[in-house]
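Structure, as structure tokens:
Every read-out reported here was derived from the displayed coordinates using simple, explicitly stated rules and does not represent laboratory data. Given the structure is predicted, the values throughout are model-derived calculations rather than measurements. Heads up, the Cβs are rebuilt from the backbone with ideal geometry, glycines too, and the neighbour counts pull from every protein chain shown.
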Amino acid sequence: EKGTYPHYMLKEVDEQPAVIRKIIQAYQNEEGKLAIDYSITEAVSEADRIYIIACGTSYHAGLIGKQFIEKMTEIPVEVHVASEFTYNMPLLSKKPLFIFISQSGETADSRAVLVSIKALGHKALTITNVPGSTLSREADYTLLLHAGPEIAVASTKAYTAQVAVLSILANVTGHFRNLEYDFDLVKELGIVATAMEALCDSKEEMEAIAHEYLSVTRNCFFIGRSLDYYVVLEGALKLKEISYIQAEGFAGGELKHGTIALIEEGTPVIALATQAGVNLSIRGNVKEVVARGAKPCIISMKGLEEEDDRFVIPEVHELLTPLISVIPMQLIAYYAALHRECDVDKPRNLAKSVTVE
Ligand code: F6R
């Protein structure tokens with residue numbers, strides 16, 4: 001039930017801190033250490049390459065999961081859009097492990113890949129919100145998202161749950177492999193949950209940004225580098241699907257290779273700057289678009305902020321920024337859709353679970 005909320009989407013955005021806390025609990029053992037089923041840790045650990053398969057928002061979570069897994073476990077990871085994998089199957093490694101990421105667990109494109117890799121005798125792990133879903137039943141292993149039912153078509157809390165569960169999977173596996181990239185993830189995720197609360201309390205600021213930048217525009221660009229790049233892909237998808245504004249997410253450095261031709265006087269460009277290593281270069285990209293007339297909206301992280309930034313998110317561990325930087329993206333999309341009188345929870349042409357290929 002959406003209770004006092006006008007839309008499920010807003011309610012689900014607000015549930016994110018509680019979902020993160022639930023996930024921490026669900027994946028803790030009696031000693032308070034993060035743990036997942038031994039057979040899963042072992043299966044991931046023994047793989048010589050991991051293939052993440054997903055669609056849409058879940059694919060965007062997978063792109064972030066790749067960074068976590070490679071950094072913490074030193075196992076190479078490829079991330080594939082499910083529908084393309086079917087015909088462009090890459091050359092597989094000798095001991096592949098497939099990870100399917102799917103909120104619903106029913107997505108036909110992902111299932112088609114699962115069927116074909118099972119036929120080849122490979123092992124699969126499904127990360128899903130729905131116990132007993134098709135992708136869960138047909139895989140060898142399942143990790144649950146514990147996000148509770150997600151009703152709004154636009155995925156929000158399932159995305160952050162996917163990213164959080166992937167961080168836990170990577171961390172536990174890295175630990176199992178005695179690798180160095182070992183940080184106190186329980187503590188860091190706790191900090192994330194608190195930061196998420198602060199962001200959920202910033203609705204007025206997000207509404208003001210949506211109003212100022214998106215109430216009349218026909219298009220909008222999102223830019224970011226490093227982990228921020230994957231988050232802007234998600235920001236652009238959220239905006240497109242519920243507000244029908246043509247939105248594109250780009251790697252900051254890639255704009256000048258073509259897309260910058262689209263920047264005109266007043267074109268909104270939302271830039272994410274949460275990564276210390278690329279802070280200067282993303283700000284350079286903002287200058288490039290401003291010189292062509294763009295109207296910039298920089299969302300940065302505490303410690304990296306500059307005077308003209310439109311909004312500053314709280315500081316969290318630099319690997320975990322996607323968990324919180326996505327919230328302004330979700331809320332800006334929400335308020336943009338609201339201003340434009342779109343059906344937020346049930347955008348046109350879309351279904352919650354896509355059961356056709
Ligand atoms: C976007 C969205 C879709 C889904 C995609 C995959 O907000 O909801 O892009 O993420 O259809 O769905 P699942 O995760 O159920 O496989």
Mind checking segment 213-296 for GluC sites (Glu not before Pro) that DSSP puts in a loop (not H, G, I, E or B) and that have at most 13 other Cβ atoms within 10 Å? Glu264, Glu265
Once amide hydrogens are built 1.01 Å from N within the peptide plane, the residues lying 5 or more places from Asp345 or on another chain with amide H under 5 Å from its amide H are none
Report the gain in length on full extension from Ala112 to Glu265: 0.36 nm times residue separation, minus Cα-Cα distance, nm rounded to one decimal. 50.6 nm
With the contact rule set at Cα under 8 Å and sequence spacing of 6 or more, what percent relative contact order holds for segment 72-152? 26
Over the residues of the chain, compute the C-alpha Rg and express it relative to 2.2 N^0.38 Å. 0.95
Residue by residue, what Karplus-based ³J(HN,Hα) values in Hz, rounded to whole numbers, does segment 315-328 have, using 6.51, -1.76 and 1.60 with θ = phi - 60° and x for Gly and Pro? 7, 9, 3, 5, 7, 9, 4, x, 5, 10, 5, 6, 5, x
Which three numbers, in whole Å and largest first, are the semi-axes of the equivalent ellipsoid of segment 161-261 derived from its Cα gyration tensor as √(5λ)? 32, 20, 11
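What's the exposure ranking of Ile191, Ile209, going from fewest to most Cβ atoms within 10 Å?
Numbers: Ile191 16, Ile209 22.
Exposure proxy ranking, most exposed first: Ile191, Ile209.
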What's the center-to-center distance, using Cα atoms, between segment 106-155 and segment 1-33 in Å? 20
Charge dipole (segment 112-199, unit charges on Cβ, about Cα centre) - positive-most of Ser155, Asn178, Ser136: Ser136
For the chain, what is the calculated [θ] at 222 nm in deg cm²/dmol (nearest 500), taking -39500 (n - 2.57) for each run of four or more DSSP H residues and dividing by its residue count? -14000 deg cm²/dmol
With a cut-off of at most 13 other beta carbons within 10 Å, and DSSP calling the residue loop, which trypsin sites (Lys or Arg not before Pro) in segment 17-84 qualify? Please list them. Lys33
Percent relative contact order of segment 293-357, based on C-alpha pairs within less than 8 angstrom and at least six residues apart? 17
Once phi for every residue in segment 226-238 is put through the Karplus expression 6.51 cos²θ - 1.76 cosθ + 1.60 (θ = phi - 60°), the whole-Hz ³J(HN,Hα) values, with Gly and Pro written as x, are 6, 4, 4, 4, 5, 5, 6, 4, 5, x, 5, 5, 4
Once the in-chain neighbours fewer than 8 apart are removed, the aspartates and glutamates whose Cα is under 20 Å from Lys118 read Glu42, Glu46, Asp48, Glu78, Glu84, Glu106, Asp109, Glu138, Asp140, Glu357
For Ile127, list long-range residues whose amide hydrogen, built 1.01 Å from N in the peptide plane, is under 5 Å from its own amide hydrogen. Phe100, Ile101, Ser102, Leu143
For Phe250, what residues show an amide H to amide H distance below 5 Å, using hydrogens built from the backbone and excluding near sequence neighbours? Phe222, Ile223, Gly224
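Give me the count of lysine pairs in segment 251-357 whose alpha carbons sit under 27 angstrom apart, restricted to pairs 8 or more positions apart or on different chains. Don't skip to the end; give the middle numbers.
Values: Lys256/Lys287; Lys256/Lys295; Lys287/Lys295; Lys287/Lys302.
Eligible lysine pairs with Cα atoms under 27 Å apart amount to 4.
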Area projected by the alpha carbon convex hull of segment 1-61, averaged over all directions, nm²: 6.7
Under 8 Å for C-alpha pairs, at least 6 residues apart: give me the relative contact order for the chain, rounded to a whole percent. 20
Using Cα centres only, tell me the gap between segment 322-341 and segment 199-262 in whole Å. 10
With +1 at each Lys and Arg Cβ and -1 at each Asp and Glu Cβ, the charge dipole magnitude of the chain around its Cα centre, to the nearest 20 debye, comes out at 740
Provide the per-residue ³J(HN,Hα) series for segment 334-345, in order, calculated from phi with Karplus coefficients 6.51, -1.76, 1.60 and θ = phi - 60°, each as a whole number of Hz, with x at glycine and proline positions. 4, 6, 5, 5, 4, 4, 8, 6, 8, 7, 4, 7
Show me, bin by bin at 5 Å from 0, the whole-percent P(r) of segment 218-357 based on Cα pairs. 2, 11, 20, 22, 19, 14, 8, 4, 1, 0
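Looking at the chain, send over the antiparallel percent of its DSSP beta bridges, to the nearest 5.
Taking every DSSP beta bridge with both residues in the chain, the antiparallel ones total about 5 percent.
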